[in-house]
């Protein structure tokens with residue numbers, strides 16, 4: 001997985017990843033540039049990122 005902004009949904013205090021198409025992900029990455037510089041809390045990791053699409057192409 002590439003470094004970048006991801007979208008998460010919070011329900012009852014639990015974070016769930018939101019699946020995006022390639023086009024949606026590109027728009028999210030471009031939109032995040034509006035908030036540069038991003039303040040990333042590297043000292044507070046939330047867990048390991050995994051690909052839930054199982055290698056499927058995300059179109």
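Nothing in this text is a laboratory measurement; each read-out follows from the coordinates by a stated rule. All of these numbers come straight from a predicted model, not from anything done at the bench. When we count neighbours, we look across all protein chains shown, and the Cβ atoms used for this are built from the backbone with ideal geometry, even at glycine.
A straight chain from residue 7 to residue 28 at 0.36 nm per residue would run longer than the Cα-Cα distance by 6.7 nm. Shape analysis of the chain based on the Cα gyration tensor places the equivalent ellipsoid semi-axes at 19, 17, 12 Å, largest first. Only DSSP H runs of four or more residues enter the estimate; each adds -39500 (n - 2.57), and after division by the residues of the chain the mean residue ellipticity at 222 nm equals -5500 deg cm²/dmol.
Want the number for residue 41 to residue 20: 0.36 nm per residue separation, take away the alpha-carbon distance, what's left?
Details: separation 21, 0.36 × 21 = 7.56 nm, distance 2.34 nm.
Full extension of this stretch gives 5.2 nm more.
Cβ-to-Cβ counts within 10 Å put 34, 7, 28 in ascending order as 34, 7, 28, the fewest first.
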